[in-house]
Amino acid sequence: MTKHELTISSLETGELGVLHLRRYWSKRLLEVEGRLDQDSVRHEYGLDFTLMQGLGLGIVEPPEYLFNRRPSYAEFEHWIVQKRGGAPEPALLQRLNRMVRHYLEQPPRTYPVDDAIVQEPVLSAEDLAFWQKNGYVVLRNAVCAEDCREAEAAIWDFLGMDPQNPESWYNGNHTFWVSLFQHPILNKNRAALRIRKAFEQLWGTGDLWATVDRSSLNRPERDGIDISGPSRLHWDVSLALPIPFGVQGLLYLSDTRAEQGAFRCVPGFHHRIDQWLAELAAEQHPREQDLESLGPVAVTGSAGDFVLWHHALPHGSGRNLADYPRVVQYIKLFPHDYGIHPVWR
Ligand SMILES: O=C(O)CCC(=O)C(=O)O
């Protein structure tokens, strides 16, 4: 089948007036039919990503909806309004459209921006020194206990499980991830001021967008079966060089001990990843190496603590060998122009 040349430009809009949205819709529909020339649109990946996050939709549900329903553009816009409980308000619309134009006109920027001054910082000089050395840091009490409890309850409720009844944890077909996106308490946590400030400090800019990501509920292992999700160490970023600066994050919604499936990462690996990659033989795929031998550590925390890590660190969850699930919300704040590598390695 011949690949289709995209005819819709980023500047064409519909009722909502959101730049690039019509092109995004068109790309996904061509993709379903196997008619999208991926190479010609690779450079737009960061734009698609930011637009979907900025609209408060995330990157899981919109492609799913488009793939399954193949709607007209008007129907897609209607679905967006329903999902987010209204059209984007004027200030957001303006910010989104400014972002699209900037993305199309300006090359990516190098982060972190070192000379930026963040008002009322939340990470201390010691925290920042720890971050520099290890590539991760824990922001204590990022979210209050009540908001954690409410978010945890929303997740239990969504999964139809009872936190007090372990039998209910294993009844359905839940594995690890929780695809609950637009819940008000999850949105509230995404907007938590201390979390925003921490990301601002690390990126060196206040012009950040928040992801609308999944959550997870990591149950204790049962009958020796490992049900702990991404416990294999991995990266979520392309390993094509240069790897741009990037920060990921997770919020503990329940207290998490090391043996309770705590987050794990290899401290300091961001300093040596280039060298490590260079030393691999051509036939050695980096993602298939024995990453456990690199020395991961478990990062524990109380409900409300937020873990930030440099995306060049191999990381993953631990196996839950305790007696209560680990419940986590993933939150990442990022600038639209940090230069996601167009090639996946
Ligand atoms: O949940 C965790 O501890 C790890 C999450 C993870 O591996 C990821 O977000 O890529």
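Read-outs: derived from the displayed coordinates by stated rules, not from any lab. Remember, it's a predicted structure, so these values are computed and weren't measured experimentally. With ideal geometry, Cβ positions are generated from the backbone for all residues, glycine too; neighbour counts draw on all protein chains shown.
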**Complete:** Note on the chain: contact order normalised by length, alpha-carbon pairs under 8 Å, 6 or more apart, percent, works out to 23
**Complete:** Mean Cβ-within-10 Å packing, highest first, puts peptides 64-71, 193-200 in the order 193-200, 64-71
**Prompt:** By average Cβ neighbour count within 10 Å, what is the ranking of 304-312, 152-160 from highest down?
**Reply:** 304-312, 152-160
**Message:** Could you tell me the relative contact order of region 59-198? Use alpha-carbon pairs under 8 Å, at least six residues apart, and round to a whole percent.
**Reply:** 26
**Message:** Taking the Cα centroid of region 60-130 and of region 270-326, what is the distance between the two, rounded to the nearest whole Å?
**Reply:** 27
**Message:** Suppose a student asked you for the relative contact order of region 21-105, using Cα pairs under 8 Å spaced at least 6 residues apart; what percent would you report?
**Reply:** 33
**Request:** Please turn the phi angles of region 20-30 into ³J(HN,Hα) values with the Karplus equation 6.51 cos²θ - 1.76 cosθ + 1.60 (θ = phi - 60°), one per residue in order, whole Hz, x for glycine and proline.
**Result:** 6, 5, 5, 5, 4, 4, 5, 4, 5, 5, 5
**Hz values of 3J(HN,Hα) by residue in region 40-49 - Karplus curve (6.51, -1.76, 1.60), Gly and Pro given as x** = 6, 10, 4, 5, 8, 4, x, 6, 4, 4
**Prompt:** Using the Karplus equation 6.51 cos²θ - 1.76 cosθ + 1.60 (θ = phi - 60°), what ³J(HN,Hα) coupling, rounded to whole Hz, does each residue of region 93-100 give in order, writing x for Gly and Pro?
**Reply:** 4, 5, 5, 4, 5, 5, 4, 4
**Item:** Contour minus Cα-Cα distance for Asp37 and Gln94 (0.36 nm per residue)
**Value:** 17.5 nm
**Request:** Anything over 19 Å Cα to Cα? Flag those among Lys188/Lys332; Lys27/Lys332; Lys83/Lys188, in the order listed.
**Result:** Lys27/Lys332
**Request:** Taking the chain as the reference, fit the longest principal axis to its C-alpha atoms, fit the long axis of helix 193-203 to the helix C-alpha atoms, and give the angle between the two in degrees, 0 to 90, nearest 10.
**Result:** 80
